[in-house]
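One structure below.
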């Protein structure tokens, strides 16, 4: 059974600081997705990571994938208040028709 | 393009009542999914469909049924609602893309959600 674990689950940051969210998963997979969810809203796709060593960046967010370690990271650079949201990683395995297994989510709050 | 829409947005049911949630997508996607979101647990897959006329069970299918009579619609039914089914329900759809090493990519697009309370 595929398990996906994120840490930390809660993250309170000051504006301007850097931090990393970690996503570990238990079964071999070449596909990992990061989503953002604002309170009371739907999920928005941030990154699709394929294959070992994949790195993608959008603004102050950078995501990477290490398939050998079964680990993805979402790095936040110089946080701003607008980044406050819940971030989910999700994994699907090769023959799964896109069925996603989600992590618990990381609630990020950025303070002035 | 409306993307993925869900009806209704909110609903309150009494234990034992039934209801159907409707998901519609206008992106001509083959794959559709129903998830439920509960605090601290992320999203969990209820049922999914790989094409018109097909359905399959996900991680937490008990107490739910689904139908995909038309490619653009995916219905989720609760035959006899229970308080444990209080949750936020999200529908998603995806096409199939192709990445390196012939990897299939199923990037999912989510609807706005339905907040269901069962009393």
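The values are calculated or read from the model by the stated rules, or taken from the named source; none is laboratory data. Just so it is clear, the model here is predicted, and its values are computed rather than measured. Reconstructed Cβ throughout: ideal geometry from the backbone, glycine too, with neighbour counts over all protein chains shown.
Of all the listed residues (B:14, B:70, B:9), the sole one being surrounded by fewer than 19 Cβ atoms within 10 Å (Cβ to Cβ), modelled with pLDDT of 95 or more, out of contact with any helix residue (DSSP H, G or I) (no Cβ under 8 Å at 6 or more places or on another chain) and under 30 Å from residue A:11 (Cβ atoms) is B:9. Within the span defined as segment A:9-19, one or more residues are closer than 23 Å to residue B:41 by Cα, within 10 Å of chain B (Cβ to nearest Cβ), under 16 Å from the mean Cα position of the chain (by Cα) and touching a residue at least 12 places away in the same chain (Cβ under 8 Å). Does at least one position in segment A:58-69 carry a residue that is surrounded by fewer than 15 Cβ atoms within 10 Å (Cβ to Cβ) and touching a helix residue (DSSP H, G or I) at 6+ places or on another chain (Cβ under 7 Å)? Among the residues of segment A:58-69, at least one is surrounded by fewer than 15 Cβ atoms within 10 Å (Cβ to Cβ) and touching a helix residue (DSSP H, G or I) at 6+ places or on another chain (Cβ under 7 Å), which makes the answer yes. Taken as a whole, segment A:36-45 holds at least one residue that is surrounded by 17 or more Cβ atoms within 10 Å (Cβ to Cβ) and either farther than 22 Å from residue B:106 by Cβ or more than 10 Å from chain B (Cβ to nearest Cβ) (or both). From the list A:95, A:86, the lone residue that is within 14 Å of chain B (Cβ to nearest Cβ) and under 12 Å from the mean Cα position of the chain (by Cα) is A:86. Among strands (runs of 3 or more DSSP E) entirely within segment B:33-119, having at least 2 residues that are within 10 Å of chain A (Cβ to nearest Cβ) and within 11 Å of the chain's Cα centre (by Cα) singles out B:43-49, B:87-94. Looking across segment A:40-60, the residues that are over 25 Å from residue B:98 (Cβ atoms) and in contact with a strand residue (DSSP E or B) (Cβ under 8 Å, 6 or more places away or on another chain) come down to A:42, A:60.
For segment A:46-57, the set of residues classified as more than 12 Å from residue A:30 (Cβ to Cβ), surrounded by 14 or more Cβ atoms within 10 Å (Cβ to Cβ) and over 11 Å from the mean Cα position of the chain (by Cα) consists of A:56 only.
Within the option set A:108, A:11, A:65, A:71, being touching a strand residue (DSSP E or B) at 6+ places or on another chain (Cβ under 6 Å) and within 30 Å of residue B:5 (Cβ to Cβ) holds for one residue only, A:108. Of the residues making up segment B:20-32, those that are part of a strand (DSSP E or B) and surrounded by 16 or more Cβ atoms within 10 Å (Cβ to Cβ) are B:21, B:23, B:24, B:25, B:31, B:32. Taken as a whole, the condition of being in a loop (DSSP other than H, G, I, E, B), without any contact (Cβ under 8 Å) to a residue 12 or more places away in the chain and closer than 20 Å to residue B:98 by Cβ applies to residue A:99. Could you check segment A:20-35 and list, in sequence order, the residues that are away from chain B (no Cβ under 13 Å) and under 12 Å from the mean Cα position of the chain (by Cα)? Within segment A:20-35, A:20, A:21, A:22, A:24 qualify. Output yes when any residue across segment A:51-73 is closer than 30 Å to residue B:55 by Cα, outside any strand (DSSP E or B) and within 11 Å of chain B (Cβ to nearest Cβ), and no when none is. Yes, that holds for at least one residue.
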